[in-house]
Structures are given as C-alpha cells and as structure tokens.
Amino acid sequence: MRRPLRERIAAAPISWGVCEVPGWGWQYDAGTVLDQMREVGIAATEFGPAGFLPEEPSATAKVLVDNGLHAVGGFVPVVLHDPGRDPVPAVRATLEAFVETGAGTLVLAAATGQEGYDERPVLDEAGWSTLLGNLDRLAVLAMEAGVTATLHPHVGTMVEDAAEVQRVLDDSAIGLCLDTGHLLIGGADPVALARDHAPRIRHTHLKDVDADWAARVRAGEVGYTEAVRQGMYRPLGQGDVDLAAIVGSLEAAGYAGWYVLEQDTILGRRPADATEEPLADVRASIAHLLSLAPTA
C-alpha cells in the first residue's frame, strides 16, 4: 500500500546551502542540518556531497538513525559520454555504500567533466551513443544491487534541455529524476513530463523557480550560479512552477516515491539569526506541499 504523501517528504542538504561545487558558499555542518530536518518532520534525506556525512557507510547509517531519518540515496555526477572513461567502478562502489546504508535511489547526472554548472561542451553523436549505453549499463548495475537508478536532467550537464531529455526517454530504459526546477530552467516542461511520462519518473526533486531568472539563464544573460545567488529558486508555492499539476499527475499515476525538497541555496556568510536561516524556506515548502496532498 502506498504511504501518504506526508510520509514521503525528504530533503537534500543543498536546501541548507551544502553543495559539491568549489566556492559555492558558506557551508553548514551535518549536525545542524540533520537536527533541523528532524525538527520540521522530514522523513528522509539525500546524502549531499562527499564529506558532508561520514565516509564509512556504517557510520552514515548510524548518524541517520540517530536523527530519525531514512537514507534516500544521492546525487552522483559522473562522466558518461567519454568512451575513455568507464563509470562502472566508481558507481559500483557508490552502490555498495548505498546498500549498506539502506538507500534505494541512485540519482545520476551526466557530468561534463568540468567544475561547476555554468558551461558545457556540445555532445556529438558518438558521445550520445556512449552516454546512452552507459545509462543502460548503470541502470542494470543498480538493479542488481537492489537500487533504483535515475537520470537527473541538470543545468550545465550533458542532459539539460527538452530535446536531450526526450532523447534519454526515447533511447534508454533508465528511470527519470523529475527535477522541477532544472527542467524548467533548461527549457523542458516538467508539467508535461509528469503528465505524459509518469511511469518513467522514479524520483522527484521539488523546486520552485522565478521564471524571469530562468529565462535569463537560458538566454545566456547570466550564469546559473549567479542566478542561484540572486534568488532564482523560491520556496515551494512562491515561484512559477505549477507544482499542483505536477504532484497531481504523479499521485494520480500511482507514484510512490520520494518528494525531495531541494531549493538550491547559496549562503554568502553564516546566518546571523533564525530569520536568515534557510529553515524558514524549508518550512514554507513543506507547508505548501502538504496543502497539495488533498487534491493529489
């Protein structure tokens, strides 16, 4: 039996400004983030970047249990388009750690091989063939470990815009991580994807976005990181993503996975008091998502 939506709300450390990109901003420690997740009733968390949680999987499992949180899995950027780089060994090691912590979802991103998300190379047909083949290889590898693999379309990766997302849907069997923010910023329609491709959606990152900032990023007027710094991401219900339609479509189709609250945040300094902490935005996002549950 499918759990109620309120029991499927998870979070990601980037809502607290914790990110793998060098120089992203001031970073909270794991203890504070996990305490605040527990405080607001979050059920589970993604792992965040390397070094945020303990390196040893058994230690990570204990930290999460001590905080009353389930392990979701995590975001794993990996180069998939280069025939000279085999992603399997690194992903296999990641899956072994996931299994030991009880995590069930691998969120792959088709990394460019460069730092950050402000620029990306153009992918040729040979690169596409390699990327798609690797997606299917990794999906099988994850399935054999009892983990669900998904591909996360992401600004500044090799799968970003509507045509690239459609090619993954058409030419691979991997599930999709529906990230409502990155899809909209990249030019795809998350509402249409949730409506038309619900069976392929195995994981969901819920973001709300200011459409004007998103349009400026697509037009190349401003870099992705600067747009995040300027507040492109908003608490759920305060931006331009039709979250009611998305959640409604997924729930009607029988989606039973996590809804991960993931509002990318950059902190220029340590918050001076509670009014500046990201926790207020997380609370607002939870309240908005729960307000959608009756209609879902």
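Read through the list (1) farther than 16 Å from LEU80 by Cβ; (2) of a type in the set (Gly, Ala, Ser); (3) surrounded by fewer than 21 Cβ atoms within 10 Å (Cβ to Cβ), then give the number of the only condition that GLY133 fails. Failed condition: (1). For beta carbons closer than 7 Å, sequence separation of 6+ or different chains, a first residue in the stretch 235-250 that is assigned to a helix (DSSP H, G or I) and a second that is modelled with pLDDT under 95 and hydroxyl-bearing (Ser, Thr, Tyr), the qualifying pairs are ALA244/THR295; GLY248/THR295.
Here is a list: GLY223, GLY187, GLY181. Which entry is of a type outside the set (A, V, I, L, M, F, W, C) and crowded, with 24+ Cβ neighbours inside 10 Å?
Working: GLY223 fails: crowded, with 24+ Cβ neighbours inside 10 Å; GLY187 fails: crowded, with 24+ Cβ neighbours inside 10 Å.
Exactly one of GLY223, GLY187, GLY181 is of a type outside the set (A, V, I, L, M, F, W, C) and crowded, with 24+ Cβ neighbours inside 10 Å, namely GLY181.
If I filter the stretch 95-103 for residues that are in contact (Cβ under 8 Å) with a residue 24 or more places away in the chain, surrounded by fewer than 14 Cβ atoms within 10 Å (Cβ to Cβ), in contact with a helix residue (DSSP H, G or I) (Cβ under 7 Å, 6 or more places away or on another chain) and of a type in the set (Val, Ile, Thr), do I get at least one hit? The answer is no, given that none of the residues of the stretch 95-103 is in contact (Cβ under 8 Å) with a residue 24 or more places away in the chain, surrounded by fewer than 14 Cβ atoms within 10 Å (Cβ to Cβ), in contact with a helix residue (DSSP H, G or I) (Cβ under 7 Å, 6 or more places away or on another chain) and of a type in the set (Val, Ile, Thr). Restricting the first member to the stretch 69-89 and to residues that are more than 15 Å from VAL99 (Cα to Cα) and modelled with pLDDT of 95 or more, and the second to residues that are assigned to a loop (DSSP other than H, G, I, E, B) and of a type in the set (Lys, Arg), the beta-carbon pairs closer than 6 Å and six or more apart or on different chains are VAL79/ARG85.
Residues checked against (1) charged (D, E, K, R); (2) not in a loop (DSSP other than H, G, I, E, B):
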residue	(1), (2)
VAL155	no, no
VAL168	no, yes
LEU176	no, yes
HIS182	no, yes
ILE185	no, yes
ALA192	no, yes
ARG195	yes, yes
THR204	no, yes
ALA214	no, yes
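Against the conditions (1) modelled with pLDDT of 95 or more; (2) surrounded by 23 or more Cβ atoms within 10 Å (Cβ to Cβ), GLU144 satisfies every one except (2). Contact map, the stretch 256-273: first residue in contact (Cβ under 8 Å) with a residue 60 or more places away in the chain and over 21 Å from ASP208 (Cβ atoms), second residue part of a loop (DSSP other than H, G, I, E, B) and of a type in the set (Gly, Ala, Ser), Cβ cut-off under 9 Å, separation 6 or more or different chains; pairs are GLY268/GLY25; ARG269/GLY25. Test GLY257 against the criterion of being farther than 18 Å from ASP189 by Cα, within 19 Å of the chain's Cα centre (by Cα) and in a loop (DSSP other than H, G, I, E, B), and give yes or no. It is true that GLY257 is farther than 18 Å from ASP189 by Cα, within 19 Å of the chain's Cα centre (by Cα) and in a loop (DSSP other than H, G, I, E, B). Would you be able to say whether some residue in the stretch 13-20 is over 27 Å from GLN230 (Cβ atoms), out of contact with any strand residue (DSSP E or B) (no Cβ under 9 Å at 6 or more places or on another chain) and in a helix (DSSP H, G or I)? So far as the stretch 13-20 goes, no, none of its residues is over 27 Å from GLN230 (Cβ atoms), out of contact with any strand residue (DSSP E or B) (no Cβ under 9 Å at 6 or more places or on another chain) and in a helix (DSSP H, G or I). Hey, among the residues in the stretch 203-217 that are of a type outside the set (A, V, I, L, M, F, W, C) and farther than 15 Å from ILE246 by Cβ, which one's most open to solvent (accessible area, probe 1.4 Å)? So, considering only residues that are of a type outside the set (A, V, I, L, M, F, W, C) and farther than 15 Å from ILE246 by Cβ, the one most open to solvent (accessible area, probe 1.4 Å) is ASP212.
The values are calculated or read from the model by the stated rules, or taken from the named source; none is laboratory data. Since the structure is predicted, the reported quantities are computational estimates derived from the model, not experimental observations. Glycine gets a Cβ as well: all are built from the backbone with ideal geometry, and neighbour counts include every protein chain shown. The area values use the complete protein model at the heavy-atom level, side chains included, leaving out ligands, DNA and RNA. Shrake-Rupley method; radii C 1.70, N 1.55, O 1.52, S 1.80 Å.
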